[in-house]
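Data block below; observations after.
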């Protein structure tokens with residue numbers, strides 16, 4: 001058992017997906033959120049950050065947290081959920097990352113570090129929405145929210161960050177648009 005929480009961010013407006021909740025899109029017969037929960041099954045605590053709890057009532061073994069700060073992007077969900085976890089550290093995962101697997105999430109979950117946040121870098125790209133955050137960053141996040149600075153890049157600039165290179169960049173791909181979703185569905189059909 002990994003003594004960290006996993007927090008799945010699923011509170012966005014999903015405007016580029018025509019309002020469909022990305023976490024409930026399916027790939028290979030599984031919804032994105034189910035794939036992420038399965039991949040993170042070794043984590044001690046599971047939290048879903050959302051705008052509307054009624055959409056997530058089927059998840060009985062998961063703590064549901066409503067975003068305290070709405071329409072400010074992922075930083076609001078990170079703050080609300082980190083505040084609710086009973087553990088000192090949490091893996092923050094975007095709900096639109098269906099290619100994550102148990103090996104990668106367990107590697108991150110078992111990685112020891114002293115910094116505020118552990119951030120994977122894949123092919124030179126920083127992955128703040130599949131990173132381990134320590135609960136002690138809450139004060140910094142709240143200060144940024146009060147300053148109306150909602151950019152995760154700016155958050156990382158204010159924190160002590162441990163960056164680690166990870167080879168398998170495709171696992172960190174997220175699905176943002178209808179076009180991207182249709183593209184992976186077509187790829188799935190052709191395989």
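Values in this text are rule-based calculations from the coordinates and carry no lab data. Because the structure is a prediction, the values reported are computed rather than measured. Quick reminder, even Gly has a Cβ in these numbers, built from the backbone with ideal geometry, and neighbours come from all protein chains shown.
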With bins 5 Å wide starting at 0, give me the P(r) of segment 1-74 over every alpha carbon pair, in whole percents.
3, 16, 24, 26, 19, 9, 2, 0
Between residue 110 and residue 83, with labels modelled 7 Å along Cα→Cβ, what's the label distance in nm to one decimal, could you check?
3.5
For residue 34, put the label point 7 Å out on the Cα→Cβ axis and report which residues of segment 83-102 keep their amide N under 18 Å from it.
95-102
If you bin the C-alpha pair distances of the chain every 5 Å from 0, what whole percents do you get?
1, 8, 17, 22, 22, 17, 9, 3, 1, 0
Most fluctuating residue of 125, 135, 68 in a GNM of the chain with Cα springs under 10 Å: which is it?
125
With the contact rule set at Cα under 8 Å and sequence spacing of 6 or more, what percent relative contact order holds for the chain?
25
Can you quote the Å³ per residue value for the convex hull of the Cα atoms in segment 113-191, rounded to an integer?
118
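I'd like the FRET efficiency for residue 58 and residue 145, computed as 1/(1 + (r/R0)^6) with the beta carbon distance as r and R0 of 25 Å, rounded to 0.05.
Details: r = 30 Å, r/R0 = 1.21.
Taking R0 as 25 Å, the efficiency between residue 58 and residue 145 is 0.25.
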Contour minus Cα-Cα distance for residue 189 and residue 72 (0.36 nm per residue)
38.5 nm
Please work out the Cα center distance from segment 18-79 to segment 133-169, rounded to the nearest Å.
20
